[in-house]
Amino acid sequence: MAVVVHFSPPSLTAEQYDAILARERELGVHPVDGLELEVCFGSGDQMKVTVVYESMEAMERHAKGLTPILEDMSIDPGEPEVFETHNLMRRGE
């Protein structure tokens, strides 16, 4: 079952988000198998991130690679909200 994970960090800028993505790609952490969609939105230091994974296992695989990067960069992701999906619709389905 797909899961939606919403991060609402206490402080996150677009520059920090971009740096996290660059580091993830450099280390081969992103995109993780099972990532369906990732969106970053907001402004200033109040950026939010919502990710849809095909399963809880995919989320856990991503977390194993992402967590050390966030710790190394001293970025607090806050407590993520995790939701099981009822329905996931793609264009054309």
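Observations on the model:
- Residue count, region 23-76 (criterion: assigned to a strand (DSSP E or B) and hydrophobic (A, V, I, L, M, F, W, C)): 8
- Annotation: of all residues in region 29-59 being surrounded by fewer than 13 Cβ atoms within 10 Å (Cβ to Cβ) and either of a type in the set (S, T, N, Q) or over 11 Å from the mean Cα position of the chain (by Cα) (or both), the one that is farthest from Leu88 (Cα to Cα) is Gly44.
- When region 1-56 is filtered for residues that are over 21 Å from Met73 (Cα atoms), of a type in the set (A, V, I, L, M, F, W, C) and free of Cβ contacts under 8 Å to residues at least 60 places away in the same chain, the ones remaining, listed by number, are Leu35, Leu37, Val52, Met56.
- The set of residues in region 73-93 being touching a residue at least 40 places away in the same chain (Cβ under 8 Å), more than 14 Å from His6 (Cβ to Cβ) and more than 15 Å from the chain's Cα centre (by Cα) consists of Met73, Leu88.
- Residue count, region 76-93 (criterion: farther than 13 Å from Ser8 by Cβ and not hydroxyl-bearing (Ser, Thr, Tyr)): 10
Values quoted throughout were computed directly from the atomic coordinates according to the rules given, and no laboratory measurement underlies them. Because the structure is a prediction, the values reported are computed rather than measured. A quick note on method: Cβ atoms are made from the backbone with ideal geometry, for glycine too, and the neighbour counts reach across all protein chains shown.
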